[in-house]
Amino acid sequence: MRQKIRKAVFPAAGLGTRFLPATKASPKEMLPLVDKPLIQYSVEEAVGCGIESILIITGRDKTAIEDHFDISFELEQVLLERGKREMFELVRSVSELAKISYTRQKQALGLGHAIYQARDFVNNEPFAVLLADDVVDAPEKSALQQLIDVFEKYQSPVVATMRVEGEAISKFGVIDAEQIEPRVYRIKDMVEKPKYSEAPSDLAIVGRYIFTPDIFQFIERTEKGAGGEIQITDAMRLMVKEGKPFYAVELQGTRHDAGDKLGFLIATVEYALKHEELANDFKNYLKSLYERIR
Ligand code: G1P
């Protein structure tokens with residue numbers, strides 16, 4: 001029977017150490033990219049793909065995420081009293097985006113361990129995982145939709161990848177794979193954060209996944225890997241090693257690492273240049289800036 005992807009999991013329990021001190025008391029998923037927190041972009045991406053139910057895996061100090069997607073009664077009242085109807089609608093629409101529930105990862109033991117916290121929520125269905133700090137700007141078809149298309153065809157798990165040149169590859173999970181159609185690969189092996197000299201290819205894993213529920217059995221058998229953490233890449237590798245089909249899509253679009261200071265600045269500039277209200281003024285500012293610093 002063909003199964004539809006209805007559920008999505010958002011791991012958001014990381015410590016955000018690459019973005020300290022901004023992330024000391026507030027999760028990195030709440031960093032604003034122009035005027036929306038990072039996590040809202042990927043929640044909207046998921047909702048746009050027909051996802052009905054979302055689980056956000058939180059850690060300590062994650063109440064800001066819960067508050068953001070909740071109704072803000074006081075704020076809504078004030079906006080209405082002041083006649084700011086449009087603002088009211090905007091604020092209200094965030095709380096109506098999707099059915100969102102939360103669970104806590106009590107210890108930051110790694111991405112595999114975080115995803116494992118979703119096993120009751122997922123029950124017995126295929127599901128999507130989105131890492132909110134990987135912002136994928138894909139004008140034609142969203143990153144998650146590109147994965148769903150492949151899942152629907154092959155009815156097997158799928159991961160997003162992109163080509164990464166040079167030493168930077170060692171910041172990612174990297175796949176070894178055989179191409180089976182344009183932009184689609186069948187995975188033969190994968191490794192989390194390899195040395196540049198040992199990377200099996202230049203196809204780096206990007207934070208979008210579709211898993212079948214059997215992934216949980218493989219996470220249970222996964223030992224600590226890179227960085228002393230339970231890595232999802234290692235659990236996926238176990239699956240592949242046992243002969244289970246696993247596919248990769250080479251995404252169309254641009255990926256920004258918004259959990260990194262420079263990546264975040266670049267994403268901010270790119271998104272501001274596309275923002276309805278800001279684009280013109282911001283472009284003019286950038287032009288004058290260029291004259292000043294060149
Ligand atoms: C995680 C994954 C890694 C993937 C990356 C994409 O790593 O473990 O395989 O390539 O996300 O952003 P992290 O960046 O959390 O260290």
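Brief remarks follow.
- Restricting attention to the range 41-50, the residues that are assigned to a helix (DSSP H, G or I) and open to solvent by 10 Å² or more (accessible area, probe 1.4 Å) add up to 5.
- Any hit, the range 51-65, residues being open to solvent by 20 Å² or more (accessible area, probe 1.4 Å), touching a Gly at 6+ places or on another chain (Cβ under 6 Å) and closer than 19 Å to residue 259 by Cα: no
- Of all the criteria given as (1) open to solvent by less than 60 Å² (accessible area, probe 1.4 Å); (2) over 24 Å from residue 210 (Cα atoms); (3) not polar (S, T, N, Q), the one not satisfied by residue 108 is (2).
- Of the numbered criteria (1) touching a Ser or Thr at 6+ places or on another chain (Cβ under 9 Å); (2) at pLDDT 90 or above; (3) surrounded by 13 or more Cβ atoms within 10 Å (Cβ to Cβ), the one residue 101 fails is (3).
- Residues satisfying the stated conditions in the range 182-207, i.e. more than 9 Å from the ligand (Cβ to nearest atom), closer than 18 Å to residue 143 by Cβ and assigned to a strand (DSSP E or B): 184, 185, 187, 203
- Taken over the range 223-267, the criterion of being in contact with a helix residue (DSSP H, G or I) (Cβ under 6 Å, 6 or more places away or on another chain) and within 12 Å of the ligand (Cβ to nearest atom) is satisfied by 225, 230, 231, 232, 235, 251, 256, 257, 258, 259, 260.
- Selection status of residue 180, hydrophobic (A, V, I, L, M, F, W, C) and in contact with a Ser or Thr (Cβ under 6 Å, 6 or more places away or on another chain): no
The values are calculated or read from the model by the stated rules, or taken from the named source; none is laboratory data. In this text the structure is predicted, and so the values were computed from the model without any measurement. A quick note on method: Cβ atoms are made from the backbone with ideal geometry, for glycine too, and the neighbour counts reach across all protein chains shown. Heavy atoms of the whole protein, side chains included, go into the accessibility calculation; ligands, DNA and RNA do not. Shrake-Rupley method; radii C 1.70, N 1.55, O 1.52, S 1.80 Å.
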